[in-house]
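Peer 1: Quick one: the structure is below, questions incoming.
The values are calculated or read from the model by the stated rules, or taken from the named source; none is laboratory data. Everything numeric here is computed off the predicted structure, so don't read it as measured data. Methodologically, a virtual Cβ is constructed for each residue, glycine included, from the backbone with ideal geometry; neighbour enumeration extends over all protein chains shown.
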Amino acid sequence: MPLARRSKERLRSLKLEYNMTEHCNYGCNECSHFSPYMRRGESSVESFERDLSALARVLTVYRFRFVGGEPLLNKQLVEHVRLVRESGIADEIQACTNGALLDRTPDEAIAALDTLTISWYPDPRVDQSLIDRTIERCRRLNTKVGVLKIDKFRRMQVVRPFESSRLVQEIFDTCEIAHLWYCQTFYEGRFYLCSRPIFTSRFLGKLDENVEDFRETDGIALHEPNLVDRLEALLHRKEPLGSCRYCLGTVGKEVPWRQLSPSERKHPVRYNDKNDELIDQHKMRRLRIKRHFPLRSMLLMAPESLSGLAARFSRSLSRD
Ligand code: SF4
Ligand code: SF4
């Protein structure tokens, strides 16, 4: 099922994400954005504004979601939210945080958002009283808030590429990040089906695995002609991305959430497991079936009011 529907020169999809920071104040194992391994890096307002205005000419979404790294580390969050609001690209603006910096985040930033989502990990930096204070503050500032407790992640990282093209295709076809949670994103002039192409080559470089730069090969340029056609083709794409050869999508086995040590962040661990052994076969079987009944994608093809409903009920959970 395609990720967007087209009418004339515009596309409509459910969600769009943006990486406010590459780095994070947490260092979670299996972070889907590779943030623990990234040097300090932030979105600049100028590059964001330029990319957003190109996209807003051809795409609208129900929800625009700021992610990271940790989005609250970027001091220009309010400015970014204002630009999204003015662009008219989204009906609703959300930020997803690990919560640790909430007490230091000004009211102005919280009030600018429509929704704040807290991924609550078992980490001492966030406790029940911080959650309660935030819920109260959001109520006062008229910002919706959601709290999601997370104590497990799924394995995503593989160092050696999958050799079986059939398996890569299955991982791509069943990937909830790309096809169910609508984690499409853009960054520094290019648009992607998921955030992995932005970071995979850099992560593998840390392990002395030299691969092509997936930022170039897996994304499309935002500032070249015929954007709407190229965007539509990407959102209807049936073949896996280059990055998918190094990714378990959403069928990796579950592992307990934990914080990586500083040395693990500097020198990522090479696991000895064979790639095939990292797959949760039961989840893959379930997703194969689910893929044929894509309720939310079907709603997306329905009138505007229903596509909003679909997004509201979506478990739009990509890790912050
Ligand atoms: S999962 Fe979220 S909180 Fe954890 S390192 Fe990644 S971006 Fe940071
Ligand atoms: S790289 Fe491929 S499998 Fe991994 S999240 Fe992106 S689309 Fe899914």
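Peer 1: Based on what the data block shows, is F203 aromatic (F, W, Y) and near ligand 2 (Cβ under 10 Å from one of its atoms)?
Peer 2: No: the conditions fail for F203.
Peer 1: Specify which of the listed residues (E70, E108) is out of contact with any strand residue (DSSP E or B) (no Cβ under 8 Å at 6 or more places or on another chain) and either assigned by TED's automatic domain parsing to the domain that holds C183 or of a type in the set (A, V, I, L, M, F, W, C) (or both).
Peer 2: That would be E108, the only listed residue that is out of contact with any strand residue (DSSP E or B) (no Cβ under 8 Å at 6 or more places or on another chain) and either assigned by TED's automatic domain parsing to the domain that holds C183 or of a type in the set (A, V, I, L, M, F, W, C) (or both).
Peer 1: Continuing with this model, one more query. Working carefully through the options F34, F66, find the one that is within 13 Å of ligand 1 (Cβ to nearest atom) and at positive phi.
Peer 2: Testing whether each residue is within 13 Å of ligand 1 (Cβ to nearest atom) and at positive phi leaves just F34.
Peer 1: Failed condition for R63, given (1) within 16 Å of ligand 2 (Cβ to nearest atom); (2) assigned to a strand (DSSP E or B), with all others met?
Peer 2: The one condition R63 does not meet is (1).
Peer 1: Strands (runs of 3 or more DSSP E) wholly in segment 70-160 with at least 2 residues that are touching a Phe, Trp or Tyr at 6+ places or on another chain (Cβ under 7 Å) - which ones?
Peer 2: Answer list for segment 70-160: 90-97, 144-149, 152-154.
Peer 1: Give just the number: which of (1) within 13 Å of ligand 2 (Cβ to nearest atom); (2) surrounded by fewer than 19 Cβ atoms within 10 Å (Cβ to Cβ); (3) part of a loop (DSSP other than H, G, I, E, B) does E224 not satisfy?
Peer 2: (1)
Peer 1: Then there is this: Which number in (1) in a loop (DSSP other than H, G, I, E, B); (2) farther than 22 Å from F199 by Cα marks the one condition that R39 misses?
Peer 2: With (1) in a loop (DSSP other than H, G, I, E, B); (2) farther than 22 Å from F199 by Cα applied to R39, the lone miss is (2).
Peer 1: Here's something else I'd like to know. Here are A90, A4, A54: which of them is more than 16 Å from ligand 1 (Cβ to nearest atom) and not assigned by TED's automatic domain parsing to the domain that holds P122?
Peer 2: None of the other options fit; the residue is A4.
Peer 1: If a residue must be within 19 Å of the chain's Cα centre (by Cα) and of a type in the set (G, A, S), how many such residues does segment 115-164 contain?
Peer 2: Going through segment 115-164 one residue at a time, the tally reaches 2.
Peer 1: If I ask for residues that are hydroxyl-bearing (S, T, Y), within 15 Å of ligand 2 (Cβ to nearest atom) and part of a helix (DSSP H, G or I), which ones from segment 240-269 would you list?
Peer 2: S243, Y246
Peer 1: Also: Of all residues in segment 229-256, which are of a type in the set (A, V, I, L, M, F, W, C) and buried (at least 16 other Cβ atoms within 10 Å of the Cβ)? Even if it seems obvious, please write down each step before you answer.
Peer 2: Of segment 229-256, the ones of a type in the set (A, V, I, L, M, F, W, C) are 231, 233-235, 241, 244, 247-248, 251, 255.
Answer for segment 229-256, where residues must be of a type in the set (A, V, I, L, M, F, W, C) and buried (at least 16 other Cβ atoms within 10 Å of the Cβ): L231, L234, L235, L241, C244, C247, L248, V251.
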